[in-house]
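The block underneath contains the structure these notes are about, expressed in structure tokens.
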Amino acid sequence: MQIAEELKSACSKINESKNTSCLYKFKENVDKCINDKKIDNRELIIQCIHKLSGLIPSKLLSQLVAKAIELKDKDLCFVVLENVLLLEEAHAVDFIKFILSEIEFKQDELMMRLPLDIEHKLDILFEKKFDYRMMSGELKRLSSNEFILCLQYLQNNVKKAFQDNFQSNQSTYEIEKMETNQKVASPNILQITNLFSCFVDAHFTHITLSDKSQEIIADVLQLIENQLDIFFDLISIDSLIKEIKQNKDFQIKNTNHNSDYFIEVLKLE
């Protein structure tokens, strides 16, 4: 009962002062709730984490994360994942392994989409900011099957990013603008690119030995090359349109004496 009151008190003080010492006091009280086979005051801890959303880095909840994964407590894991301010690269990989453990790995289904609930959790995870050099080292802990499932996830997100971009009817051709079309809780195209590089760097040997990995990567690279070709074509067309607009011979003409217009059509060979 005393620990519960201390948890509530520490939670309130963090919200009021945003003081670092209060964060560590909250951590100490959370750690006291962790036992061999259960987590005391679990519901209260969940409530506090919700209230402190965006204030606590995951490194202060290391013991809680480890115990939640050990107990296979999906709800608590998801609450931590969704609400922490910064997600440690080591914790990110722990969560990846835990999330993917829900999938029954089948070779003949690799090119299909992952279950939507799994994709949603990975979206939230990969939307976090990471040190990608450290992330690359931690990703080596993934098994071959987990690596391929993550490649599949990234492949689907690359495709979705380009599809969403074309459906948005944007008036600009800058690739960076594509990230604004993504839903809030999902990695943008630049994050996906960095993640793709991390996975490839961490499992390069596996890629050379796995036909399925090579197939996925080749598909993504071909998609990117096709989009770049379209991108450069659009730039050329845009430049041509601007040049035409600046040419008086192709501008719409009218006079003050009447309201008749005529349009000259330029035929492009």
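Give me the percent of the accessible area of the range 16-151 that comes from carbon and sulfur atoms, probe 1.4 Å, all protein chains in place. C and S atoms contribute 50 percent here.
Per residue, how much accessible area does the range 1-124 have with a 1.4 Å probe, in Å²?
For the range 1-124, the per-residue accessible area is 53 Å².
In this rough spin-label picture, where each label sits 7 Å from Cα along the Cβ direction, the Ser9-Arg133 distance is 4.3 nm.
Label separation (Thr205 vs Asp117): 3.6 nm, computed from points 7 Å beyond Cα along the C-beta direction.
Among the listed pairs Lys25/Lys140; Lys59/Lys121; Lys51/Lys74; Lys27/Lys160; Lys13/Lys140, a Cα-Cα separation exceeding 29 Å is found for Lys25/Lys140; Lys27/Lys160; Lys13/Lys140.
Ordering of 92-99, 27-34, 114-121, 147-154 by packing is 147-154, 92-99, 27-34, 114-121, highest average first (other Cβ atoms within 10 Å, averaged per residue).
The values are calculated or read from the model by the stated rules, or taken from the named source; none is laboratory data. Values in this document were obtained by computation on a predicted structure and should not be read as measured data. Every residue, glycine as well, gets a Cβ built from its backbone with ideal geometry; the counts of neighbours run over all protein chains shown. For the accessible areas, the whole protein counts, side chains as well, though only heavy atoms, and no ligand, DNA or RNA atoms are used. Shrake-Rupley method; radii C 1.70, N 1.55, O 1.52, S 1.80 Å.
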